[in-house]
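No lab work stands behind these numbers, since they all come straight from the coordinates. Treat the numbers as computed from the prediction; the structure is a model and nothing was measured.
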Amino acid sequence: NASDLWITGDNGTLKRSTNLGVSWEDIQVNTNLNINSIFFTQNNFGWLAVDSGKIYFSSDGGNSWDEKISITTKNLYSVFFINDLIGWFFGDSLTIMNTADGGETWSLQNSGLSLTVGRFMSSFFTDQNKGWATVGTSELSSGLLRTTDGGHNWALDNTISGTRPKSVFFINDQI
């Protein structure tokens, strides 16, 4: 819904406003872990990226949430779906998980970085092939990774010194 706003937070916090932020309601999710990111597809399928590798899914626009099977225990910080079936989760230790069947199965994707530690904070895809993700590490101050093949291969697009980027957004794939 175009007038819905969502806030995620620590200790299982999930809030929704249906009136552009005039008032907020608590939405129950069966977790006390930090909810780090939320994403909805055009068909109101919702996804939550949660600490400890937990994934939650909603098929009713966020009214109810069910835990889905995950293949990691690493904290997840970002989620992005290009449609109801194809999506990615990003997190600690350079974790990238991909699904092509709406979260029924997951596969790990390699970041392509030869680093021992790192954290993905944000991701954005313009289509099922082209995507970007922000990464911060102790060995590389921070950077922007890019894929042109749906996440099978990632390359360091740019290093950004002096900051750790928290979010990435593109208007279209020409930028």
Would you grab the residues whose amide H sits under 5 Å from the one on residue 153? Only those 5+ places off in sequence or on another chain, please, with H modelled 1.01 Å from N.
-> 148
Computed over the Cα atoms of segment 1-79, the Rg and Dmax in Å are 11.9, 38
Across segment 3-17, in residue order, what do the Karplus-derived ³J(HN,Hα) couplings come to in whole Hz, using 6.51 cos²θ - 1.76 cosθ + 1.60 with θ = phi - 60° and x for Gly and Pro?
-> 9, 7, 10, 10, 10, 10, x, 5, 6, x, 6, 9, 10, 10, 10
Residue 127 to residue 101: extension gain in nm, 0.36 nm per residue of separation minus the Cα-Cα distance?
-> 7.8 nm
